[in-house]
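The values are calculated or read from the model by the stated rules, or taken from the named source; none is laboratory data. The structure displayed is predicted, hence computed values, not measured ones. Virtual Cβ from ideal backbone geometry, glycine too; neighbours counted across all protein chains shown.
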Amino acid sequence: MIRRPTAKRNLKAAAARSKLLDYLCLVAKTALQTAGVLDCVPPGARLAIVRLRSMGDCVLTTPAVALLKQARPDLEIGVVVEERFAGIFDGNPDVATVLPPSAGRISRWRPWLCLNLHGGTRSQWLTLASRARIRAGFGHHRGASLYHVRIPRAQQIYGAEKPFHTAEQLASAMFFLGVPLSEIPPARLFARPLVAERPYAVIHPAAAMAYKTWPAKGFLEVAAHLQRRWGLDPVFIGASSDNLAPFSRYRVVQGASLDVLKSLLASATIFVGNDSGPAHVACALGVAVVVLYGRTEHEIHWAPWRARAARTLSDARGIAAIPAARVIAAVDDLAGLILPGV
C-alpha cells in the first residue's frame, strides 16, 4: 500500500529544510567572517561598488578602489554612479566599467559581490537588485539588514576612537573585507590638460550651502592679489545655477562639463575655493589648493587628501569670519613653494 504524505509530514519536512537553510546561512556568514570576504570571491569575479554621488565623495572613493585593485588585481571592478559624476572614473585603470544606477543594468552585469558605499535608500535598493551572491555595506546605515556583510565603523576597524577623514572611512571598508592594512594612496583622476597662453589660478566661490560660502568680497581681494603679486590670471568657476555676477571683471567659466572642469583644473597653478567638489578634483589632479571650511570639524573629514600642497582655513565663528588677509597669506605661502624665484 502506498502511503501518501500527510500535512503533518509536510510541515516537518518544511521545518527541516528551514533549519538546514539557517545552518547553511550560518556557515556562510562564519566563513565570511573568519576567512575574509575577499577570500570567498573567486578569481576573475565582478565586484560592483555603489557610489552614486557627489563629486567630492566620488573623488575620495578612488583611494579605496585602488587598494582593492592592488589586493585583488584579478577582479573586474564596476562603479555604479550617476551620469553627471561618471567622468570622475574616466581613464581610471582600476575601474573596468562605469554602470548607471539602473537595477536592470547592474543585475545583468552579474557582480559576485556588491558593495554599497553610498548608504541611501536608492543605493540599498540597487544593492539588493544586483542579485550579487554577497551584499556588503556599512552596518550603521539604515537598511543594513539587507547586507550579508555589515561593515562596522572606521573607529572599530582601525581600533582608535577619533575622527577619520572620509577617504580613511571608505578605505576602512576595504580593510574589513580583507584587503591587507596598508597606507591609503592619494585620490587619482585623469584629465587632458589645457594649453594656456598665461598661467592662471582657478577660484571657486560657490558652495552647496550658505554656511560653506565665503563672502564674494573676500574672493575678489584674493583674485586681485593673485594677479598683482603672482602674475596669475584669475578664472572663476561655478555651476549654471551659481551667481557669478560679482566676478564678471575676470574670466568666468560657468556650467562647464566635468571633462572641461577637469582639464581647466589640471592646468591651473593654484586653486582657491570653498569646501566643495572642485576642491577635491583639483587636489586629485595634483594642483596646490587653498580651501575654506564652514565648520572646523570639516577640516578633518573633508581636508584635501594627501595633496601635493594644501592650506586649509576655518573659524569657529563661521566661514564669514575668516579674514581675507589669512587667505592671502595662505596663497602666498603656497605660491612661494610652487613658484620658486618669482
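Taking the criterion of being closer than 29 Å to Asp90 by Cα and among the aliphatic types (A, V, I, L, M), the residues of segment 242-257 that qualify are Leu244, Val252, Val253, Ala256. Scan (1) among the charged types (D, E, K, R); (2) surrounded by fewer than 18 Cβ atoms within 10 Å (Cβ to Cβ); (3) at pLDDT 95 or above for the single condition Arg135 breaks and write down its number. So Arg135 meets the others, but not (2).
The residue of segment 112-128 that is farthest from Asp57 (Cα to Cα), among those that are in contact with a Gly (Cβ under 8 Å, 6 or more places away or on another chain) and surrounded by fewer than 21 Cβ atoms within 10 Å (Cβ to Cβ), is Thr121. Pairs meeting the criteria (first residue in segment 115-137 and part of a strand (DSSP E or B), second residue buried (at least 24 other Cβ atoms within 10 Å of the Cβ) and polar (S, T, N, Q), beta carbons under 6 Å, at least 6 apart or on different chains) are Asn116/Thr127; Arg135/Thr127; Gly137/Asn116.
Residues that are within 21 Å of Val287 (Cα to Cα) and among the small types (Gly, Ala, Ser) were ranked within segment 200-252; the one that is nearest to the chain's Cα centre (by Cα) is Ala207.
Yes/no per residue for (1) surrounded by 13 or more Cβ atoms within 10 Å (Cβ to Cβ); (2) at pLDDT below 50:
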residue	(1), (2)
Thr6	no, no
Leu20	no, yes
Ala28	yes, yes
Thr34	no, yes
Val37	yes, no
Arg46	yes, no
Arg51	yes, no
Met55	yes, no
Pro73	no, no
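Taking the conditions exactly as written (of a type in the set (A, V, I, L, M), outside the structural domain of Cys58 (by TED's automatic domain parsing) and more than 19 Å from the chain's Cα centre (by Cα)), does Ala330 satisfy them or not? Yes, satisfied.
Report whether or not Ala335 is over 20 Å from the mean Cα position of the chain (by Cα), buried (at least 17 other Cβ atoms within 10 Å of the Cβ) and in a helix (DSSP H, G or I). Step through it out loud before you land on a result.
Numbers: over 20 Å from the mean Cα position of the chain (by Cα): yes; buried (at least 17 other Cβ atoms within 10 Å of the Cβ): yes; in a helix (DSSP H, G or I): yes.
When the stated conditions are applied, Ala335 passes them.
Test Ile237 against the stated conditions and say whether it is touching a residue at least 12 places away in the same chain (Cβ under 8 Å), in a helix (DSSP H, G or I) and in contact with a His (Cβ under 7 Å, 6 or more places away or on another chain). It is false that Ile237 is touching a residue at least 12 places away in the same chain (Cβ under 8 Å), in a helix (DSSP H, G or I) and in contact with a His (Cβ under 7 Å, 6 or more places away or on another chain). For beta carbons closer than 7 Å, sequence separation of 6+ or different chains, a first residue in segment 69-96 that is touching a residue at least 60 places away in the same chain (Cβ under 8 Å) and a second that is crowded, with 21+ Cβ neighbours inside 10 Å and part of a loop (DSSP other than H, G, I, E, B), the qualifying pairs are Ala71/Val179; Ile88/Leu189. Whether any residue in segment 252-274 is touching a Gly at 6+ places or on another chain (Cβ under 8 Å), surrounded by 18 or more Cβ atoms within 10 Å (Cβ to Cβ), acidic (Asp, Glu) and under 30 Å from Glu168 (Cα atoms) is what I want to check. Looking through segment 252-274, none of the residues is touching a Gly at 6+ places or on another chain (Cβ under 8 Å), surrounded by 18 or more Cβ atoms within 10 Å (Cβ to Cβ), acidic (Asp, Glu) and under 30 Å from Glu168 (Cα atoms).
Do we find that Gly78 is out of contact with any helix residue (DSSP H, G or I) (no Cβ under 7 Å at 6 or more places or on another chain), over 24 Å from Ser263 (Cβ atoms) and either of a type outside the set (S, T, N, Q) or surrounded by fewer than 22 Cβ atoms within 10 Å (Cβ to Cβ) (or both) in this structure? Judged against the criteria, Gly78 is not a match.
Among the candidates Gly120, Gly104, single out the residue that is modelled with pLDDT under 95 and not assigned by TED's automatic domain parsing to the domain that holds Arg306. Before the answer, list the steps.
Working: Gly104 fails: modelled with pLDDT under 95.
On inspection, the qualifying residue turns out to be Gly120.
Quick check, is Arg153 more than 20 Å from Ser54 (Cβ to Cβ), within 17 Å of the chain's Cα centre (by Cα) and assigned by TED's automatic domain parsing to the domain that holds Gly44? It is true that Arg153 is more than 20 Å from Ser54 (Cβ to Cβ), within 17 Å of the chain's Cα centre (by Cα) and assigned by TED's automatic domain parsing to the domain that holds Gly44.
When the residues of segment 275-300 are filtered to those that are at pLDDT 95 or above and part of a helix (DSSP H, G or I), the one that is surrounded by the fewest Cβ atoms within 10 Å (Cβ to Cβ) is Gly277. From the set of residues in segment 175-229 that are under 17 Å from Ala329 (Cα atoms) and free of Cβ contacts under 8 Å to residues at least 12 places away in the same chain, which is surrounded by the fewest Cβ atoms within 10 Å (Cβ to Cβ)? In this case the residue turns out to be Arg228.
Would you say Ile157 is in contact with a His (Cβ under 7 Å, 6 or more places away or on another chain) and surrounded by 17 or more Cβ atoms within 10 Å (Cβ to Cβ)? When the stated conditions are applied, Ile157 does not pass them.
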